[in-house]
Amino acid sequence: MVYSWLNNIQYRLLPGRCILCRGDSGRNRDICPPCEQTLCASWPHCRHCGLPGPTDTAFCGHCSTREQSFNCCIALAPYRQPLDGLITDFKYRRRLSSGVVLAQLLAQRLRNHYLHDSWPGALLPVPLHWRRQWRRGFNQAHFLAAALARELQLPLQANALQRGRHTPNQQGMNRKQRQKNLRGAFTLECAPAARHIALVDDVVTTGTTAGLISELLLDGGATRVDIWCLGRTPPPRVGPR
Ligand SMILES: [Zn+2]
Ligand SMILES: [Zn+2]
């Protein structure tokens, strides 16, 4: 309540500036309506893991042959232009206004999604290794989870998950190597605060991290884990263009 009151006062004094086109947004939000439409345009994806594909499908090739430990993955947009630049600004240049706006847009998408489904009882951010967090100055997943908890009035359980071991970057690894690389990297320090959990991250690439943490939460007493993220990485291009 106090937050939204302060927010309105701030926009009366200083009009909103669009995080994408950098023009006046013309409203009390830092994104103009045309740029919002661009970012939030619907895109074909797997109904289960959110993987962008050529057409909307119930299940992508992977999900139709293998069971995932998480219930669903809800993303704002595919991780490509213009979302990738905004996430880079937010994550590596600490442009927190981009993080706030992207969380607001994701909250909008989630409100539509959960019109016909039950809301999770707690939000948990994917933890960052302390060394990486110290270098970056913050954990972007925690920032997003806190913004979403405020927008959606849901409890945040920030420290239940810990990242114990520093893991090498997963780029170029196959599925088996990624699983081996990440095994034991995460620990659950206390029971999840609800049976239905939303795990929050900025970008979901292969889904290996999301899958392993979901298993950990299910072993720890959760009965359902939904993944919420800003960007879902499209599969790499295969064959001639
Ligand atoms: Zn704009
Ligand atoms: Zn899928």
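At a glance:
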| item | result |
| --- | --- |
| Solvent-accessible surface (1.4 angstrom probe) belonging to ARG183, in square angstrom, nearest 10 | 140 Å² |
| Karplus 3J(HN,Hα) series, Hz, for the stretch 184-193 with 6.51 cos²θ - 1.76 cosθ + 1.60 (x for Gly, Pro) | x, 6, 10, 10, 9, 7, 8, 5, x, 6 |
| Share of carbon and sulfur in the accessible heavy-atom surface of the stretch 74-113 [1.4 Å probe, %] | 46 percent |
| Whole-percent pair-distance distribution, where bins are 5 Å wide, for the alpha carbons of the stretch 1-151 | 2, 8, 14, 19, 19, 18, 12, 5, 2, 1, 0 |
| Under Karplus coefficients 6.51, -1.76 and 1.60, residue-wise ³J(HN,Hα) of the stretch 28-36 in Hz, glycine/proline x | 8, 7, 8, 8, 7, x, x, 5, 4 |
| Percentage relative contact order, the chain, counting C-alpha pairs under 8 Å, at least six apart | 21 percent |
| Per-residue SASA entry for ASP219, accessible area with 1.4 Å probe, Å² rounded to 10 | 140 Å² |
| Between helix 2-13 and the chain: long-axis angle, C-alpha atoms, 0 to 90°, nearest 10 | 50 degrees |
| For the stretch 42-232, the fraction of alpha-carbon pairs in successive 10 Å shells from zero, as % | 9, 38, 40, 13, 0 |
| Sequence of THR233, THR65 from largest to smallest accessible area, 1.4 Å probe | THR65, THR233 |
| Accessible area expressed per residue, the stretch 42-232, with surrounding protein chains retained (probe 1.4 Å, Å²) | 48 Å² |
| Antiparallel DSSP beta bridges within the stretch 42-232, as percent of all bridges there, nearest 5 | 15 percent |
| Using θ = phi - 60° and Karplus 6.51 cos²θ - 1.76 cosθ + 1.60, couplings along the stretch 211-220 (whole Hz; Gly, Pro as x) | x, 5, 5, 4, 4, 4, 5, 5, 5, x |
| Residue-level accessible surface for PHE143, protein heavy atoms, 1.4 Å, Å² | 60 Å² |
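The values are calculated or read from the model by the stated rules, or taken from the named source; none is laboratory data. Note that the structure is predicted; figures quoted are calculated from it, not measured. To get the accessible areas, we keep the full protein, side chains included, count just its heavy atoms, and leave off ligands, DNA and RNA. Shrake-Rupley method; radii C 1.70, N 1.55, O 1.52, S 1.80 Å.
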